[in-house]
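Report on one structure; see the data block that follows.
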Amino acid sequence: MARIAVIGAGAGAMAAAARLAVAGHRVVVREREATYGGALGRFEREGFGFDTGPALLHLPAVYRDLFLKTGREPLESALTLTQVDPASRHVFPDGAAVSLPNASRGGVLAALDGALGAGAGERWSDVLGRARDAWDATRRPLLEEPLWADWQVLGRDPYPAVRRRGLFGRGRGPTTATLAEVARRELADPRLIALLESHATAYGFDPRAVPASAAVLPYMEQTFGTWYPAGGMRALADAVYA
C-alpha cells in the first residue's frame, strides 16, 4: 500500500483515484479550482444550464468498466444515458446536408450515398475500415491494460497477430501520413474531406498535423455510438465524484 496524491480533480483524475483506492492505496485528491470535473463544467443562468465542455459522450464502456470495478454497480444506476439519433448533422458550403445515424455502419454508408452521390459511402467506409485495424491494434495495450513499468516495452509489439504497418500509407517525405493527407488522397470529394477533418478539429487537433490514425475518432463514434447523459455531461462528473 502506498500514499498517493492525485493532482487535479478532472474526470480522468477522479477515475484514477478511485481505481488506486480500490487497489488498497491511501489516496488524496488536490484540486486548485472551486469544484471538481475539469472540462466537464456547467454554467447556469436564469433557470437554464449549459455544459461548458464536451456535450456528448463517446465510448461509454470506459465509464461502465470504471463503475463496475470501483463501485460494484453499473453506470446506469447513477446516470441515465440516451443514444443520440441522428448522431450528427453536417451542412456543406454547396448546400448539401447529411444526417448520420447513430452506431450504424450501413446507415452511414446509405446516408452519405444519398446526400453526396453514389460511391461516397464506400470511400468513407474504406478509410474507416483501416481505422478499425488501427483501433484493434492499439486498444488493448493503451486502454485495457496497465502501462508497463518499463515504458520501452511499448516499442515491441505484445500482440504481433494484429500488428499492421502502413495502414494509411506514407506522407510527404519520411513521415507517416497525416489525417489531412489521407483525406485528400482517398476521399476526393471536398465534403467528405471536411467531414473526416471535422472529427479532428472537434477535439482541438489540426488535421494537417495529427497522424492518419486519428481516423479512429470517427470510427469509434460510428461503432460505439453517441450518448447524452440526462442532465448534461456535468452529470457524468457528478456521478464519478459521488
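Taking segment 76-94 as the range and being surrounded by 14 or more Cβ atoms within 10 Å (Cβ to Cβ) and aliphatic (A, V, I, L, M) as the test, the residues that pass are A78, L79, L81, V84, A87. Of all residues in segment 87-99, those that are over 9 Å from T226 (Cβ atoms) and either touching a Cys at 6+ places or on another chain (Cβ under 8 Å) or of a type outside the set (V, I, T) (or both) total 9. The selection criterion, being at pLDDT 95 or above, open to solvent by less than 60 Å² (accessible area, probe 1.4 Å) and under 26 Å from E144 (Cβ atoms), does not hold for A97. So, in segment 22-75, how many residues would count as being open to solvent by 50 Å² or more (accessible area, probe 1.4 Å), closer than 18 Å to V6 by Cα, under 26 Å from the mean Cα position of the chain (by Cα) and aliphatic (A, V, I, L, M)? Qualifying residue count for the region: 3. Where strands (runs of 3 or more DSSP E) fall entirely within segment 70-145, those with at least 3 residues that are over 27 Å from Y241 (Cα atoms) are at 88-91, 97-100. Residues in segment 190-210 that are out of contact with any Phe, Trp or Tyr (no Cβ under 7 Å at 6 or more places or on another chain) and surrounded by 17 or more Cβ atoms within 10 Å (Cβ to Cβ): I193, L195, L196, E197, H199, A200, P207, V210. Of note, R164 satisfies the criterion of being of a type in the set (K, R) and either at pLDDT 90 or above or touching a helix residue (DSSP H, G or I) at 6+ places or on another chain (Cβ under 8 Å) (or both).
The values are calculated or read from the model by the stated rules, or taken from the named source; none is laboratory data. Small disclaimer: the values here were computed from a predicted structure and weren't measured. We place every Cβ from the backbone using ideal geometry, glycine too, and count neighbours over all the protein chains shown. All accessible areas refer to the heavy atoms of the entire protein, side chains included, with ligands and DNA or RNA removed. Shrake-Rupley method; radii C 1.70, N 1.55, O 1.52, S 1.80 Å.
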